[in-house]
Amino acid sequence: NTCAVGVPGANSEGALTGAVIICSILPGGVLDPVQILDTLEGGAAGDRFGYELEWCGDSLAVGSVGRSLDRFTGEVPLFDGVAGATTIGSLQARWQDLQIPFTRFFGMSMAQAGDRLAVTAPYAGFRSDRPLQNIGALFLYQRSTNEPTGWGLDTVWFDTALLADGCTFEHFELGRNGVGFVGNDLVLDHGASYAGGPGNSLLPFQSLGAD
């Protein structure tokens, strides 16, 4: 009966540092049904730690989508245990794995089923001077005893048709609004072109499809 609540707007170390509150749900607790066990915090302003959460067995994956790293933003730290949770490692979207120049907001959507973990980076793209051209990328991980996090990178996918098109379709943003497993299939959204900048100014139309 444990739950995690993300607070990506928490300001402990500056604006939008983010935090995650680990709670225990007490079914018989009439006056105090929720007990706070621990609070995890982002490391710097803008991390947006807790933007997305995914339980992977006894481990908790936390999307820290604004964390600034080499040529990309976003990281997914994994924590082991509940009370007094400790970091066991983190997943990062290395630009070398992408074959495209940069990525942003890695960890914006996540889903886990069995031995598979899906993580999206919807603002991955080709040209930093054209931030509207965000095609997005999907990272698929498999459980691995050889990795400190317990997850090894299996596949990185983005729509190669956009390469031939020169990435003229703006705001494609693969996986911006969600990703999930349905049996053996993976379902994720494709954002459509829309007016306005990245963020929450306007939401794109969605079309769901499994591949």
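Please verify whether CYS3 is more than 21 Å from TRP151 (Cβ to Cβ) and open to solvent by less than 50 Å² (accessible area, probe 1.4 Å), treating the condition exactly as stated.
yes
Just to be sure, is GLN112 open to solvent by 30 Å² or more (accessible area, probe 1.4 Å) and either of a type in the set (Asp, Glu) or modelled with pLDDT of 90 or more (or both)? Give the derivation first.
Values: open to solvent by 30 Å² or more (accessible area, probe 1.4 Å): yes; either of a type in the set (Asp, Glu) or modelled with pLDDT of 90 or more (or both): yes.
Considered against the rule, which asks whether it is open to solvent by 30 Å² or more (accessible area, probe 1.4 Å) and either of a type in the set (Asp, Glu) or modelled with pLDDT of 90 or more (or both), GLN112 comes out as yes.
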Checklist entry - In this structure, is LEU153 over 24 Å from GLY46 (Cβ atoms), at pLDDT 85 or above, among the aliphatic types (A, V, I, L, M) and open to solvent by 20 Å² or more (accessible area, probe 1.4 Å)? => result yes
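Among the candidates PHE139, PHE172, which residue alone is aromatic (Phe, Trp, Tyr), at pLDDT below 80 and open to solvent by less than 30 Å² (accessible area, probe 1.4 Å)?
Numbers: PHE139 fails: at pLDDT below 80.
Among PHE139, PHE172, only PHE172 is aromatic (Phe, Trp, Tyr), at pLDDT below 80 and open to solvent by less than 30 Å² (accessible area, probe 1.4 Å).
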Next on the checklist: Condition (residue is more than 13 Å from ALA111 (Cα to Cα), in contact with a helix residue (DSSP H, G or I) (Cβ under 9 Å, 6 or more places away or on another chain) and at pLDDT below 85) applied to the range 176-197: is it met by at least one residue?
Outcome noted: no
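Select from the range 17-44 the residues that are part of a loop (DSSP other than H, G, I, E, B) and closer than 16 Å to VAL76 by Cα and list them in ascending order. Reasoning before the result, please.
Here is the first cut: in the range 17-44, the ones part of a loop (DSSP other than H, G, I, E, B) are 17, 26-33, 42-44.
Result: THR17, GLY42, GLY43, ALA44.
Taking the range 15-73, which residues are polar (S, T, N, Q) and open to solvent by less than 50 Å² (accessible area, probe 1.4 Å)? Even if it seems obvious, please write down each step before you answer.
Taking the range 15-73 and keeping what is polar (S, T, N, Q), we get 17, 24, 35, 39, 59, 64, 68, 73.
THR17, SER24, SER59, SER64, THR73 - these are the residues of the range 15-73 that are polar (S, T, N, Q) and open to solvent by less than 50 Å² (accessible area, probe 1.4 Å).
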Item to check | Pair list, Cβ under 9 Å, 6 or more apart: the range 106-126 residue at positive phi, other residue of a type in the set (Gly, Ala, Ser) | outcome: GLY107/ALA61; GLY107/GLY63; GLY107/SER64; GLY107/GLY74; GLY107/ALA93; GLY107/ALA121
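The values are calculated or read from the model by the stated rules, or taken from the named source; none is laboratory data. None of the values given here were measured: they were computed from a predicted structure. All Cβ positions, glycine included, derive from the backbone under ideal geometry; neighbour counts span all protein chains shown. With ligands, DNA and RNA removed, areas are computed over all heavy atoms of the protein, side chains included. Shrake-Rupley method; radii C 1.70, N 1.55, O 1.52, S 1.80 Å.
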